[in-house]
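Q: Here it is, the structure, as structure tokens.
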Amino acid sequence: MNTDSIRNFCIIAHIDHGKSTLADRMMELTSTVTKREMKSQLLDSMELEREKGITIKLAPVRMKWEGHDLNLIDTPGHVDFSYEVSRSLQACEGAILVVDASQGIQAQTLANVYLALEQELVIIPVLNKVDLPAADVTRVSKEVINLLGCNESDIIKISAKTGENVDQVLRAVIDRVPPPIGSVDTGTRALIFDSYYDDYRGVILYVRVVDGEIQKNDKISMLGTSAQGIALEVGHLSPTMVADSTLSTGQIGYIVTNLKTTRDARVGDTIVIEKREFPETVIALPGYKHVKPFVYAGFFPVSNEDYQDLKDAIEKLSLSDSALQFEPENSPVLGYGVRIGFLGLLHMDIIRERLEREYDLDLVVTNPSTDYQVTLTSGEELDIKSASSLPDPAKIREIREPWIKGEIVVPQEFVGTVIQLIVTKRGRQTNLSYIDERALVSFEAPLANLLTDFYDQLKSVTSGYGSFNYELANYRVEDLVRVDFYIAGEIVDSLSVMAHRSEAQTLGREIVAKLKDVVPRQSFEVALQAAIGARFIARETLGAYRKDVTGYLYGGDVSRKKKLLAKQARGKKRMKRFGKVDIPSEAFMVMLKRD
């Protein structure tokens with residue numbers, strides 16, 4: 001099979017710069033999709049993707065144009081999925097970099113460009129939305145030239161909405177992107193760049209064949225997970241599945257397998273075929289890594305009889321999302337639930353929405369936290385995922401927490417406020433550089449402090465112009481403590497949080513003040529307290545309801561009044577000893593709202 005007529009490329013861009021719309025226009029122009037089947041953002045198949053206007057799962061499509069096979073992979077643009085993006089880039093030889101002509105270069109654009117340069121792809125710069133009145137073509141062109149070091153003539157100016165100049169983009173793909181290289185007559189190797197679970201057909205893999213070919217009914221095995229299966233069907237997507245007899249060198253397509261879960265075929269793994277002709281060992285393709293979640297949250301059903309439904313729903317979702325990790329969790333207040341690990345906050349939001357919509361569940365989600373590495377005095381190492389599982393402080397030698405390396409792109413006038421925001425999160429600014437009228441602020445910060453609302457705060461201090469991108473750097477030893485919360489003298493371990501000692505007191509006071517608003521008043525006084533170990537650091541008192549027991553007395557000696565009030569006080573004291581305070585589920589959401 002000749003690979004000269006094949007071009008594999010992807011589209012990279014910041015969120016909302018129009019890459020799914022550009023993909024729509026390309027499919028229309030190449031008549032891959034008829035006008036009748038066309039709807040906007042055709043490749044975003046999930047209801048949630050269409051609603052939020054973001055791409056969550058990537059999708060490949062093969063288009064035929066001027067005698068060439070053009071394979072396009074639409075990638076997710078969000079930071080949580082950057083590993084998936086890097087695998088999709090690995091499956092291509094070229095990338096179209098879409099930049100919004102009215103907004104210019106943003107943090108995610110930079111992150112994806114660095115990923116593409118790392119994979120040594122040919123980058124075709126495209127300015128989108130040039131038909132908008134707000135488009136500033138000359139300024140944004142300068143930014144792109146500074147970033148890529150290309151010429152003004154290399155940049156294609158298009159409008160994906162109206163379809164203006166989209167044919168030039170396709171021509172540039174054919175002219176500038178090299179055809180795939182691979183050897184036809186060695187052992188077969190294919191890269192999995194995505195996998196998902198289909199209820200009726202099992203696990204379906206999206207692959208790029210690097211060497212050799214894969215035929216229908218071949219026995220396949222994965223080098224990373226050592227799982228084995230059968231290729232029940234192979235073919236390409238245009239955008240619906242079209243079966244072929246073989247997938248050959250350089251092609252991108254799908255394989256329907258008999259595997260039961262995507263954990264057997266993870267993104268980035270190498271597929272080889274068990275054949276006798278090539279006894280020599282096949283070397284795995286580079287870059288495969290096991291994706292580790294680093295944001296954890298407890299999910300609890302509102303009523304405990306839904307626990308089994310929740311567990312089944314998460315098991316179903318995890319079949320198609322190999323990054324999802326979960327374990328059962330039990331809390332004295334919320335009952336049985338599941339602790340789930342995510343790649344980031346957007347990932348968590350999406351899973352929560354899917355559980356609530358597709359499986360019709362009512363959920364209580366506890367405060368998201370990250371994982372901590374603990375070294376005990378005995379030398380034993382622990383990895384804890386929630387503050388309540390921290391061992392006795394006397395036995396701990398050190399606690400390490402994850403730090404991130406982040407980049408914020410922002411107009412120059414906001415640099416001061418952004419650096420201030422970073423400092424309040426215990427972060428350190430490491431570098432500051434300027435691209436025309438924008439500043440790129442590089443910084444390091446502890447992940448735990450950025451989890452709840454860093455992005456919202458960044459948007460508000462930069463009037464919505466700041467964009468943010470991060471990656472995990474390493475784990476560092478810090479002076480960390482566990483802050484516990486007591487309601488009516490009883491510890492509520494689901495509320496416990498890990499905090500830096502310097503911030504513990506402020507955090508304790510804030511949360512106790514918020515709990516005062518959500519915990520209902522009782523007939524007796526309730527103390528709300530925050531503590532580090534045995535030392536209380538904050539307290540609020542929830543006043544008791546007072547019933548007027550002296551209402552029916554008319555006149556008489558004052559000692560009668562005092563006697564009744566003393567009797568009431570004794571009763572309240574006894575109630576306080578046996579009284580249970582019912583904690584509403586809103587109390588657990590208090591942590592998420594840091595306003």
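Values in this text are rule-based calculations from the coordinates and carry no lab data. For clarity, every value in this text was computed on a predicted model and none was experimentally measured. Backbone-built Cβ (ideal geometry, glycine too); neighbour counts: all protein chains shown.
Q: Applying the Karplus parametrisation 6.51 cos²θ - 1.76 cosθ + 1.60 with θ = phi - 60° to the phi angles of region 499-513, what ³J(HN,Hα) value in whole Hz is obtained for each residue in order, glycine and proline being reported as x?
A: Values, residue by residue: 8, 6, 4, 5, 9, 4, 5, 4, 4, x, 5, 4, 6, 5, 5 Hz.
Q: Select from region 472-570 those chymotrypsin sites (Phe, Trp or Tyr not before Pro) which occupy a DSSP coil region and have at most 16 other Cβ atoms within 10 Å, ordered by residue number. Write down the numbers at each step before the final one.
A: Values: sites: 475, 485, 486, 524, 536, 545, 552, 554; in loops: 524, 545, 552, 554.
The qualifying sites are 545, 552, 554.
Q: Could you list the residues of region 409-437 with an amide nitrogen less than 17 Å from a label point located 7 Å from the Cα of residue 16 in the Cα-to-C-beta direction?
A: Answer for this model: 409-411.
Q: Pop out the ³J(HN,Hα) list for region 529-543 in order, Karplus 6.51 cos²θ - 1.76 cosθ + 1.60 with θ = phi - 60°, rounded to Hz; leave Gly and Pro as x.
A: Here the 3J(HN,Hα) series is 10, 10, 9, 10, x, 9, 9, 7, 10, 7, 8, 10, 10, 8, x Hz.
Q: Compute the normalised compactness of region 295-368: alpha-carbon radius of gyration over 2.2 N^0.38 Å, N being the residue count. Could the numbers behind the result be given before it?
A: Values: Rg = 11.0 Å, N = 74, 2.2 N^0.38 = 11.3 Å.
After normalising by residue count via 2.2 N^0.38 Å, the value is 0.98.
Q: On C-alpha positions alone, give me the angle between the axis of helix 137-148 and the longest principal axis of the chain, in degrees, nearest 10.
A: 80
Q: What FRET efficiency would be calculated for the residue pair residue 221, residue 471, taking the C-beta separation as r and a Förster radius of 22 Å, to the nearest 0.05? Present the calculation step by step, with values, prior to reporting the outcome.
A: Working: r = 31 Å, r/R0 = 1.43.
Using R0 = 22 Å, I get an efficiency of 0.10.
Q: Compute log10 of I(q)/I(0) for region 102-193 with the Debye formula, placing one identical point scatterer on every Cα and leaving out solvent, at q = 0.19, 0.20, 0.24, 0.26 Å⁻¹, to two decimals.
A: Ignoring solvent entirely, the Cα scatterers give -1.01, -1.09, -1.38, -1.48.
Q: Now a separate question. For a quick check: with amide H placed at 1.01 Å from N, whose amide H comes under 5 Å from residue 74's, ignoring anything fewer than 5 positions away on the same chain?
A: Under 5 Å from the amide H of residue 74: 59, 61.
Q: Let me ask something additional. Which angle from 0 to 90°, rounded to the nearest 10, does the C-alpha axis of helix 19-29 make with the longest principal axis of the chain?
A: That helix lies at roughly 30 degrees to the long axis.
Q: Residue 161 to residue 66: extension gain in nm, 0.36 nm per residue of separation minus the Cα-Cα distance?
A: Working: separation 95, 0.36 × 95 = 34.20 nm, distance 2.30 nm.
Gain on stretching residue 161 to residue 66: 31.9 nm.
Q: Let me ask you something else. Calculate the FRET efficiency for residue 145 and residue 430 from the Cβ-Cβ distance with a Förster distance of 30 Å, rounded to the nearest 0.05. Mind dumping the intermediate values first?
A: On the way: r = 26 Å, r/R0 = 0.87.
The value I calculate is 0.70.
Q: Calculate the FRET efficiency for residue 566 and residue 534 from the Cβ-Cβ distance with a Förster distance of 30 Å, rounded to the nearest 0.05.
A: Working: r = 33 Å, r/R0 = 1.12.
So, using R0 = 30 Å, E works out to roughly 0.35.
Q: Can you list the residues, at least 5 places off or on another chain, whose amide H is less than 5 Å from the amide H of residue 165, using H built in the peptide plane?
A: Close amide H contacts, sequence-distant or interchain: none at all.
Q: Determine, for each peptide in 375-383, 450-458, 497-505, the mean count of other beta carbons within 10 angstrom over its residues, then list the peptides with the highest first.
A: So the peptides 375-383, 450-458, 497-505, ranked by packing, come out 450-458, 497-505, 375-383.
Q: Taking only the C-alpha atoms, wrap a convex hull around region 189-273 and report its volume per residue in Å³ as a whole number. Intermediate values should be presented prior to the final figure.
A: On the way: hull volume 6.4 nm³, N = 85.
Once divided by residue count, the hull of region 189-273 is 76 Å³.
Q: Still on this structure, please answer the following. Convert 37 °C to kelvin, take the viscosity as 0.692 mPa s, use the Kirkwood radius over C-alpha pairs of the chain as Rh, and evaluate the Stokes-Einstein diffusion coefficient in µm²/s, rounded to a whole number. All intermediate terms of the calculation are to be shown ahead of the outcome.
A: Details: Rh = 27.2 Å.
Answer from the Stokes-Einstein relation: 121 µm²/s.
Q: Here's something else I'd like to know. Residues with amide H under 5 Å of residue 362's amide H, sequence separation 5 or more or different chain, H placed in the peptide plane at 1.01 Å from N; which?
A: Placed amide hydrogens put 302 under 5 Å from residue 362.
Q: Tell me which of 302, 338, 324 sits at the most positive position along the dipole axis of region 295-368, charges placed on C-beta atoms (Lys, Arg +1; Asp, Glu -1).
A: Going by the charge dipole, the pick is 324.
Q: How far, in degrees from 0 to 90, does helix 307-320 lean away from the longest principal axis of the Cα atoms of the chain, to the nearest 10?
A: Tilt of helix 307-320: around 20 degrees.
Q: Follow-up. Please report the orientation-averaged projected area of region 396-515, defined via the convex hull of its C-alpha atoms, in nm².
A: Working: hull surface 34.9 nm².
Averaging across all directions leaves 8.7 nm² for the Cα convex hull.
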